[in-house]
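Comments concern the structure below.
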Amino acid sequence: MTAKHRGQPPYISNMRPQDILLPVAAGLCCKPGGFHIDPVRPVERAVITHGHSDHARPGHGAVLATQETLDMMRLRYGDNFAGSMQAISYGEEIKLGDVKVKFHPAGHVLGSAQIAVSCKDTCIVASGDYKDATDPTCAPFEVVPCDVFITEATFGLPVFRHGDASDEVKKLLASVKLFPERAHLVGAYSLGKAQRVIALLREAGYDAPIYLHGAMEKITYYYESRGIPLGELRPVRGEKKADLAGTITLAPPSATSDIWTRRFPDPVTAFASGWMRVRARARQGGVELPLVISDHADWDGLTATIAATGAGEIWVTHGQEDALVHWCQSKGLRAKPLDLVGYGEEEESEPPVQDEAEA
């Protein structure tokens, strides 16, 4: 059966979807393939969608992922983050046990992938985290026709419509121009968001040096090593306070409310996140300049993607599951929440911030 048979339930086949992938305590388990997808605890064989710490954990016996995701795990956890590692390219298909596995771009961060799992005549796509918006720092999202689509729902409410990220960067540049005597500190997750903000600043014509908190350096320089141009970057440590007036510095979100900020002249605190659409959240965090820039699909992106896959059954995980399940059912699709635990906002999964003297 192919995805074009939208009106026919996908379980009318030799293999039911739940016989291929099943949520268990460790995460999504593929029994016929002998592996887990993004397991939240150590397992014998793990297939990883991307390098964020709530999806890519150390301690597995064997890990299959894109080269970039393996490299991110190595940067974060050290060389021995797993017993063995195998890299797979986008579009490459391999057989694991009784299933075929193929990786496709997810558009979330560098190296992020959707994982298509096929067994007999049924195809399930586990999308991980994804976005359909333009991002100059990673491969664009690819729609994968399938019978069952597993979607995230981080921003799975109609109120979340992110808009154009380039317009948010223009707000940042306007503030820099308006307050040349102040430093601008942009809180951004160190994998994906920070590099995207830098790339968007360059696309907007900002060619001055951009400063990095020490916790940002390794991953940002790794992006450059993969051929992603980010312009002149400088470590902020060692810079004189007065010399940072009129500059932009990228830092982990937790650092922007830390005593670390005292080294900057009258800093403007910004935060790049889809959650900045909720103004109360910005106020509670003491964010002076909220920037609605997300690496997750918004409501329109989620619903458009679900429709584009042609899947007749949708499994919804980590986020606003109920609203998206209801939307799917209103369109005549079979839908259910997976109720997986252990996945959250990346900003809250950020490793502890080191002091600049150490980082």
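Here are some notes:
- Just one of the numbered conditions (1) part of a loop (DSSP other than H, G, I, E, B); (2) surrounded by 18 or more Cβ atoms within 10 Å (Cβ to Cβ) is not true of PRO180: (2).
- Filtered residues of the range 292-306 (kept if under 24 Å from VAL143 (Cα atoms) and open to solvent by less than 40 Å² (accessible area, probe 1.4 Å)): ILE293, SER294, ASP295, HIS296, ALA297, ASP298, TRP299, GLY301, LEU302, THR303, THR305, ILE306
- Here VAL236 passes the criteria (1) over 26 Å from GLN67 (Cβ atoms); (2) in contact with a helix residue (DSSP H, G or I) (Cβ under 6 Å, 6 or more places away or on another chain); (3) of a type outside the set (Ser, Thr, Tyr) except the one numbered (2).
- All positions within the range 270-291 that are among the polar types (S, T, N, Q) and open to solvent by 20 Å² or more (accessible area, probe 1.4 Å): GLN284
- Among residues that are modelled with pLDDT under 95, more than 30 Å from GLY332 (Cα to Cα) and in a helix (DSSP H, G or I), ALA282 is included.
- Every residue from the range 148-167 that is open to solvent by less than 10 Å² (accessible area, probe 1.4 Å), in a loop (DSSP other than H, G, I, E, B) and not aromatic (Phe, Trp, Tyr): GLY156
- When we screen TYR223, TYR189 for residues that are aromatic (Phe, Trp, Tyr) and in a loop (DSSP other than H, G, I, E, B), the only hit is TYR189.
- Filter pass, ARG202 being open to solvent by 40 Å² or more (accessible area, probe 1.4 Å) and either in contact (Cβ under 8 Å) with a residue 40 or more places away in the chain or more than 21 Å from THR134 (Cβ to Cβ) (or both): no
For every residue, the table says whether it meets (1) among the polar types (S, T, N, Q); (2) without any contact (Cβ under 8 Å) to a residue 24 or more places away in the chain.
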| residue | (1), (2) |
| --- | --- |
| THR154 | yes, no |
| LYS170 | no, no |
| LYS177 | no, yes |
| HIS184 | no, no |
| GLY192 | no, no |
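- Per the conditions (1) modelled with pLDDT under 90; (2) within 30 Å of LYS177 (Cα to Cα); (3) in contact with a Pro (Cβ under 7 Å, 6 or more places away or on another chain); (4) not in a helix (DSSP H, G or I), the sole criterion not satisfied by LEU340 is (2).
The values are calculated or read from the model by the stated rules, or taken from the named source; none is laboratory data. Bear in mind that the values here come from a model prediction, so they are computed numbers and not experimental data. No Cβ is skipped: glycine too gets one built from the backbone with ideal geometry, and neighbour counts run over all protein chains shown. With ligands, DNA and RNA removed, areas are computed over all heavy atoms of the protein, side chains included. Shrake-Rupley method; radii C 1.70, N 1.55, O 1.52, S 1.80 Å.
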